[in-house]
Amino acid sequence: MHASAAPLLACALTLVALPRGAEARENAPRAPAQPPETTTYVTRPGDSLYGIAARYLHNPADWKKLASLNHVSAPQRLWPGTTLRVPVALLRQDDLSAKVIAANGPVQHAFRAGPLLPLAVGSTLVEGDRVQTGHDGFATLELADGSHIALPPDTAVDLATLRQTALTGATDRIIDLHRGEVTSEVTHATKKDDRFQIRSPSVVAGVRGTQFRVSYDGGKGATAVEVLDGAVGVDAGSPARNGYGAHLQPPAAGTPLTASEQLVAAHYGNLTLAGQPAGAPVTLLDAPELQHPSKVQDDDAVVFDIAPAEGASAYRVQIGRDAGLLDMIRDKRSADPRVSFADLPDGTWFVRISAIDARGLEGMPASYAFERRRAALGVSAGSIEGSRDFAFRWFIDRNAQNTRFRFVLGTTSDLRAPLIDRTDITAGEAVVRDLPKGVYYWTVIAEQFDNGHYYQKASPVQSFRLDW
């Protein structure tokens, strides 16, 4: 008997050793289970539970759950106009895709862990695809609802989720940003459960329709969110808790925020460090002004002069083929408000400029159209041997019908009171005789009519001295 009593004693000790809290929880009344979230379906002639389950449910065999929930005893025949409750968790999720509408420079993509391949305009991307832009690479993706995702240089993203729920039509789109920047123009949500998120390792930015930028600096572990239109919910807690977070949308008016959340409205931005609460919203800098916006860019380099903006520590200038800059080809940041680009072909282009504050937050943008029409005007001058004549010569490398030249000569660099101002010269030369000693200044202006437009190209003001 002694040997058989030992196990009983051990069992009794185990029972006695239960913590009071655990015992209290065992005896406490259980909270009632929350009913599953449901949507409704109104039956039509010829409907059956089997057919409804096959059309809308992930598992067609779940028709039995529909029958139980709705107390349907005859699943093969349903009276038209009957309202059925359908658990959202049972609904099928269909794959969505993204179309590549612009790709310039080095841009690559891969499906999950597959090899990286060049990305071409017109390609279709799906959930699980990765996209990377090189140092001079740009890409823009268009989603099924017309939303756009623009990727500037040195950016890497994953299309983590691209799905649409059957029956409800709610969409779920999640972009994981590993480095660089994503500029999003999101079509306003039409379903209450629509979700669009940009997730970095330090924040989740969720919207229901807006225009905003999210950039992640892995070296600093910092994520910047800048809202141009609408509002963005920024949660710094979700990535740490759930490895890139849960559902997040801008909260409804009056809804309290948690310690990790911030609601960032239009014309505001915030900066969040990894492991820290979401940064407080700060006002973004206003869009700076472009000086001489109507100037024809006819020099070797395309140059933009930005009016210095108060509070700006740098400026960003981007060039694209369209007014929305979805098809972008250039992107440069500069501490100098004078920003230049080389090797831009002739044509009509669009430039977008913005100012960057001391925190690194980029402000509101301003866009302008400009014309690129390169025209080189070469000039030279010298005395004619054996005479007191002085010859001025020039040429323009862009041919156009009805090209005329204007020659201006004076004794001051501003040429406000010219000694000679000759117009309608068709040849590439002018000769001036019997100039007295002194210092002179001159320029040539080419005037062209091309495709119904009038253009001027002036040479830099030149100077020379006569000592005879």
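Direction-averaged shadow area of the convex hull around the Cα atoms of the chain, nm²?
Values: hull surface 162.6 nm².
Taking the Cα atoms of the chain, their convex hull projects to 40.7 nm² on average.
Would you calculate a helix-derived [θ] at 222 nm for the chain, using -39,500 (n - 2.57) for each DSSP H run of n ≥ 4 and dividing by the full residue count, to the nearest 500? Kindly include the intermediate steps, with their values, before the conclusion.
On the way: 5 runs with 44 residues, N = 468.
Helix contribution divided over all residues of the chain: -2500 deg cm²/dmol.
Distance between Cα centroids, the range 171-240 to the range 66-122: provide it in whole Å.
One Cα centre to the other: 21 Å.
Note down the magnitude of the dipole of the chain about its Cα centre, charges +1 on Lys and Arg C-beta and -1 on Asp and Glu C-beta and zero elsewhere, to the nearest 20 debye.
I would put it at about 1260 debye.
Whole number please: convex hull volume per residue, Cα atoms of the range 298-453, in Å³. Provide the component values of the computation, followed by the final result.
Values: hull volume 25.0 nm³, N = 156.
Hull volume over Cα atoms, normalised by residue count, gives 161 Å³.
List the longest stretch of the chain that has no exposed loop site; here a site is one of the GluC sites (Glu not before Pro) assigned by DSSP to anything other than H, G, I, E or B, with at most 16 other Cβ within 10 Å.
Details: sites that count: Glu37, Glu289, Glu310, Glu385.
Between exposed loop sites, the widest span is 38-288.
Compute the relative contact order of the range 37-173 as a whole-number percentage, counting only Cα pairs closer than 8 Å that sit 6 or more residues apart in sequence.
Working: 286 pairs, mean separation 30.5, N = 137.
Relative contact order here is 22 percent.
What relative contact order, as a whole-number percentage, does the chain give when Cα pairs under 8 Å and 6 or more residues apart are counted?
Over the chain, the number comes to 7 percent.
Hey, if you put +1 on the Cβ of every Lys and Arg and -1 on every Asp and Glu Cβ in the chain, which of Pro60, Leu326, Ala430 ends up farthest toward the positive end of that dipole?
Going by the charge dipole, the pick is Pro60.
Using the Cα centre of the range 290-372 as the reference point, and only Cβ charges (+1 on K/R, -1 on D/E), how large is the resulting charge dipole? Debye, rounded to the nearest 20. List each step's numbers first, then the result.
Working: 10 positive and 14 negative charges, 53 e Å.
That gives a dipole near 260 debye.
Based on the alpha carbons, how large is the Rg to Rh ratio for the range 186-231 when Rh follows Kirkwood? It would help to have the intermediate numbers written out before the result.
Values: Rg = 11.7 Å, Rh = 11.4 Å.
With Rh from the inverse mean 1/r over Cα pairs, Rg/Rh is 1.03.
On a 28 Å Cα-Cα criterion, which of the cross-link pairs Lys65/Lys99; Lys295/Lys332; Lys99/Lys295; Lys437/Lys457; Lys99/Lys192 come out too long?
Working: Lys65/Lys99 38 Å; Lys295/Lys332 20 Å; Lys99/Lys295 36 Å; Lys437/Lys457 30 Å; Lys99/Lys192 25 Å.
Pairs exceeding 28 Å: Lys65/Lys99; Lys99/Lys295; Lys437/Lys457.
Please compute the net charge surrounding Ile420, taking Lys and Arg as +1 and Asp and Glu as -1 over other residues with Cβ under 13 Å from its Cβ. Write down the numbers at each step before the final one.
Working: positive: Arg406, Arg422, Arg433; negative: Asp421, Asp434.
It works out to a net charge of +1.
Could you tell me which residue out of Ala417, Thr124, Ala342 lies farthest along the dipole of the chain toward its positive end? Charges go on the beta carbon: Lys and Arg +1, Asp and Glu -1, centred on the Cα centre.
Checked the options; the winner is Thr124.
Can you check what the Kirkwood hydrodynamic radius comes to for the range 290-372, Cα pairs only, in Å to one decimal? Please report the intermediate quantities before stating the final value.
Details: mean 1/r = 0.0775 Å⁻¹.
Roughly 12.9 Å, rounded to one decimal.
What is the Rg over Rh value, at two decimals, for the range 276-318, using alpha-carbon atoms and the Kirkwood definition of Rh?
1.15
Mind checking the dipole of the range 38-90: about its Cα centre, +1 per Lys or Arg Cβ, -1 per Asp or Glu Cβ, Debye to the nearest 20?
About 20 debye.
Suppose we keep just the DSSP beta bridges with both residues in the chain; what percent of those would be antiparallel, to 5?
Working: 137 of 143 bridges.
Taking every DSSP beta bridge within the chain, about 95 percent pair in antiparallel fashion.
If eta is 1.002 mPa s and T is 20 °C, what Stokes-Einstein diffusion coefficient results for the range 41-145, Kirkwood Rh from Cα pairs, in µm²/s? If you can, show how the numbers build up before the last one.
Working: Rh = 16.9 Å.
So the translational diffusion coefficient is about 127 µm²/s.
Report the net charge of residues surrounding Asp136, where surrounding means a beta-carbon distance below 13 angstrom and charges are Lys +1, Arg +1, Asp -1, Glu -1. Please list the in-between numbers first.
Working: positive: Arg330, Lys332; negative: Asp154, Asp331, Asp343.
Cβ neighbours under 13 Å give a net charge of -1.
Computed from the coordinates by the stated procedures, all read-outs in this text should not be read as laboratory data. The structure displayed is predicted, hence computed values, not measured ones. Cβ sites come from the backbone with ideal geometry, for glycine too, and all protein chains shown count toward neighbours.
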